[in-house]
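Inspection log for the structure reproduced underneath, given as structure tokens.
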Amino acid sequence: MNLMDIHRIRIGAPPLACLRPLVMGLADSPAVEFIKSPVQELKDQFAQGVMDAALLPPFVALEQPGCRVIPGICLAAEQETGCARINSSVPLDRLSSLRADSGAEHLREWAIVLDLPLASDQESCDAVLVHDAPPCSAETHPYHYDLGVMWRERTDLPMVLFIWVCRSRAPYPQLRRILAQAQQEGMAEEAGAASYFHYRMASQEADSLRRLATLSIQHGLCPPDASIIYC
């Protein structure tokens with residue numbers, strides 16, 4: 001093993017196009033071992049202590065003990081996300097069952113806190129929860145609903161889809177500098193480009209995370225004393 005590898009920070013992120021501005025340059029940084037894995041695999045790796053930090057849905061910060069949130073950085077949408085949506089065969093007020101597509105498993109908790117009738121994948125359903133997938137046939141699924149819009153209508157707050165989480169033992173000052181630089185470079189590259197997302201965590205995003213924690217506790221998704229803890 002290279003001596004330098006021992007001191008590299010292990011950082012993971014899902015290979016999603018929407019996250020590119022938050023991981024800009026990490027793969028080329030000599031201080032980082034950058035790992036791309038699907039969301040569920042990354043959650044498991046983080047839980048096992050394989051990662052120092054990972055870009056994951058905010059539910060992870062509530063579910064996993066010893067987890068800290070790096071402030072100031074997130075992927076959030078004011079209203080539409082353009083990617084996290086429901087394709088339905090019936091209007092929303094008639095929806096009786098919803099299943100998550102194979103690429104949208106990380107959105108299941110969002111469906112629960114939004115009081116959507118989530119079913120097992122084996123059941124025949126009225127609608128499918130998708131992430132960044134091609135639209136379903138207009139004949140079979142003519143109704144489309146964006147989770148960001150639904151969250152805004154419920155809370156009057158932006159939807160925070162991904163945050164940086166780390167372990168309490170992680171080298172936070174160095175980690176914060178590295179991730180802030182990636183954010184800065186990514187935002188500079190995205191400047192002027194049309195996007196549903198923004199990448200800074202300010203007061204409204206923090207309020208949204210607190211509201212999410214309250215709803216997650218109410219729906220039994222995390223321990224009753226769970227809260228967002230920042231580094």
Being at pLDDT 90 or above, closer than 16 Å to residue 43 by Cβ and not acidic (Asp, Glu) is the filter here; which residues of region 76-111 pass it? 100, 104, 106, 107, 108, 110
In region 86-132, how many residues are in a strand (DSSP E or B) and without any contact (Cβ under 8 Å) to a residue 40 or more places away in the chain? 4
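A quick yes/no check of all residues on (1) surrounded by fewer than 23 Cβ atoms within 10 Å (Cβ to Cβ); (2) more than 21 Å from residue 222 (Cβ to Cβ); (3) of a type outside the set (Ser, Thr, Tyr); (4) over 12 Å from the mean Cα position of the chain (by Cα):
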site	(1), (2), (3), (4)
19	yes, yes, yes, no
34	yes, yes, yes, yes
38	yes, yes, yes, no
45	yes, no, yes, yes
49	yes, no, yes, yes
52	yes, yes, yes, yes
56	no, no, yes, no
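Quick grid of which residues meet (1) in contact with a strand residue (DSSP E or B) (Cβ under 7 Å, 6 or more places away or on another chain); (2) part of a helix (DSSP H, G or I); (3) of a type in the set (Ser, Thr, Tyr); (4) under 17 Å from residue 79 (Cβ atoms):
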{"position": "187", "(1), (2), (3), (4)": "yes, yes, no, no"}
{"position": "206", "(1), (2), (3), (4)": "no, yes, no, no"}
{"position": "210", "(1), (2), (3), (4)": "no, yes, no, no"}
{"position": "214", "(1), (2), (3), (4)": "no, yes, yes, no"}
{"position": "217", "(1), (2), (3), (4)": "no, yes, no, no"}
{"position": "220", "(1), (2), (3), (4)": "no, no, no, no"}
{"position": "224", "(1), (2), (3), (4)": "no, no, no, no"}
{"position": "228", "(1), (2), (3), (4)": "yes, no, no, no"}
Among (1) in contact with an Asp or Glu (Cβ under 9 Å, 6 or more places away or on another chain); (2) surrounded by fewer than 19 Cβ atoms within 10 Å (Cβ to Cβ), residue 112 falls short only on (1)
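The values are calculated or read from the model by the stated rules, or taken from the named source; none is laboratory data. Small disclaimer: the values here were computed from a predicted structure and weren't measured. Every residue, glycine among them, receives a Cβ derived from its backbone with ideal geometry; neighbour counts consider all protein chains shown.
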